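Trainee: This is the structure I want to talk about, given as structure tokens.
The values are calculated or read from the model by the stated rules, or taken from the named source; none is laboratory data. Everything numeric here is computed off the predicted structure, so don't read it as measured data. Cβ placement follows ideal geometry from the backbone for every residue including glycine, while neighbour counts extend to all protein chains displayed. SASA here: full protein model, heavy atoms, side chains in, ligands and nucleic acids out. Shrake-Rupley method; radii C 1.70, N 1.55, O 1.52, S 1.80 Å.
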Amino acid sequence: MNRRRFLGTAASIAGATAVAPLLSACGGGNQQTAGVNSEAGLKAALPAYVPSTPVKPDIPSVAGGPDVMTDPGFLSYPANPVATVSGKPGKGGSYTAVTPLWGTVPPAGNSFYQAMNMALGVTLTMKPADGNNYNTIIPTMTAARQLPDWVNLPSWWNPNFNVGELAGTQLADLTPYLSGDNIKKYPNLASIPTAAWRAGAWGDKLYGIPSFSSGFTIAGTVFFRRDLFDAKGITADQVRSADDLMNLGKELTDAKAGVWAFDDVWTYLFPSWNLPLKWAVQDGKLVHKYELPAFLDAMEWHYRLATSGYMHPDAIAGDNVNAVTRFYAGKTLIQGGGTGAWNLADYQSGTAATPSYRRGAFNALAADGKSTPRFFLGPATNMISYLNKNLKPDQIEELLAVANYLAAPYGTAEYTMVNFGVEGTHFTRQNGVPTATDEGKKDVQAQTYPFLASPPSVISNPGGDIVTKDYTAWQAANVKALTKPVFWSMNFSMPQSLATADAAQAVEDTVKDCYHGKKKVSDVQAAIATWKSNGGDRLKQWMTDNVLNKYGTGQ
């Protein structure tokens, strides 16, 4: 996973975040596990939301309902960034910070780190760690109780990090500093929507600081080559059902010319059968997606797709590494993926292969063509940082002031410093766009600070306005389709004995073989039956007793 793709990948962990508690041998004394948040307790712990608009977007955000909104769009970068923080936020303290990094680690003590320390008024020693191995690096620190002063813990690795136990034992309780109106001391943090703070709340207390938050977080969608569709007179709104998609596959596939309509789409298309990402509640009872008849209907359609001749042979063989290359080359015209793929780098790579390249995405789709289409809303963020419990109150306040600087909105003076460095040293402006120098490419572009705190996401692709316009328009067209899934953004600790059943790896492997045409739907049925008897039913009962009946659905 690289840095461009982590947001799209993280978003696939939508809904609830389950955490298995640490073994007592690893956690030391004073064992405790933070429980599920109650709605009343969570409401008291979460910060107030105070919007901040020092820089107005070219394409404003569109609200879709509670906790749901599109990301604002910017077609240019502000020529004269405004400051939102007066003076230096720090008071001379010295701290260490560990964040994941998907890329080359910058040299320690480089000119950018030095400039940031000057701007922040602290000595913050950045220790970025390999993002690909981050899930093994952090547990070593927690087992030895040697966490840094500030650490990022991506929530999709919560089971590896056992955050449910770390909250209150090794991580600082930020509730007294940030709950309610207390956050108004830190205006940039206050401008982060309330939903994002839920991801770092455990047991009715606030521990985490969100980064890269968004009101439009979904697992992903089904993309298509808009330029090639346009050439054929095909528009996205003509596709309103699974049958329409299958017919389109027949129309677009020309195997002799080396063109197939489809790459893999299952992961992002199966909810179109009115299926949840994992759990649903029917007649007051909890039901797993595997138990729903529609799941087998979705499997049947995807099996037919795999055996129809409309899917690229390499996709059927499981080659996902080259899927983007196939898409750029026009060898496949429809593929599933995370929305993080819709960006300037994609546009540049696509147009390098085909000058007319343009990415598009289907709107939310109902397989039967009749039901209400929907996308399931994921947590507002999957990137959360935490402070060490051993810090003193004045140190916590100092680092929260630093976090307020780091969370300055897009296009401000602070944002420019955090993301581009010092003008003339780390970046210059080309056609008004901050552009990295060689030193900036080495030290700044391998980002670290935004993983500690950052403002809500925006859509901006300087030099590729068509991308910003297309993506914001697609979000606006689909924002009303976003639906909170059962156990939306709820953190809870699950017994280790049920973690295997929750992962359901044997079922998922069989599902994958089925949508690649290697196994039949009956094989999936058999795998589900085995899963139910080997832990699936116990998992559902535990979720019913310990989450649903006590805390509701989180919707």
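Trainee: Check the straight Cα-Cα distances from K519 and name the aspartates and glutamates below 20 Å, setting aside those fewer than 8 residues away within the same chain.
Mentor: Within reach: D263, D264, E291, D297, E300, D314, D319, E508, D509.
Trainee: Excluding K43 itself, calculate the net charge of residues whose Cβ lies under 14 Å from the Cβ of K43, where each Lys or Arg counts +1 and each Asp or Glu counts -1.
Mentor: Once all neighbours under 14 Å are counted, the net charge is -2.
Trainee: Could you give me the radius of gyration and the Dmax of region 385-543, taking only the C-alpha atoms into account and expressing both in angstrom?
Mentor: Expressed in Å, the Cα Rg and Dmax of region 385-543 come to 23.9, 64.
Trainee: With every protein chain left in place, what is the accessible area per residue of the chain in square angstrom, probe 1.4 Å? Please list the in-between numbers first.
Mentor: Details: 22420 Å² over 555 residues.
Accessible surface, normalised per residue, equals 40 Å².
Trainee: Tell me which of N162, A504, N491 sits at the most positive position along the dipole axis of the chain, charges placed on C-beta atoms (Lys, Arg +1; Asp, Glu -1).
Mentor: Result: N491, furthest along the dipole toward the positive end.
Trainee: In terms of Cα to Cα distance under 12 Å, which aspartates and glutamates are near enough to K484, apart from those fewer than 8 places away along the same chain?
Mentor: Partners within reach: D67.
Trainee: Still on this structure: Nothing charged except the Cβ atoms of Lys and Arg (+1) and of Asp and Glu (-1): what's the magnitude of the dipole of the chain about its Cα centre? Round to the nearest 20 debye.
Mentor: Dipole about the Cα centre, nearest 20: 120 debye.
Trainee: Here is a follow-up. Express in whole angstrom the spacing between the alpha-carbon centres of region 30-101 and region 313-379.
Mentor: Measuring centre to centre over Cα atoms gives 29 Å.
Trainee: Within the chain, what whole-number % of the accessible surface is contributed by carbon and sulfur, with the 1.4 Å probe and all protein chains included in the calculation?
Mentor: With neighbouring chains kept in place, the figure for the chain is 51 percent.
Trainee: For the cross-link pairs K285/K540; K91/K442; K232/K370; K512/K532; K43/K392, which exceed 21 Å when the distance is taken from alpha carbon to alpha carbon?
Mentor: Violating the 21 Å limit, Cα to Cα: K91/K442; K232/K370; K43/K392.
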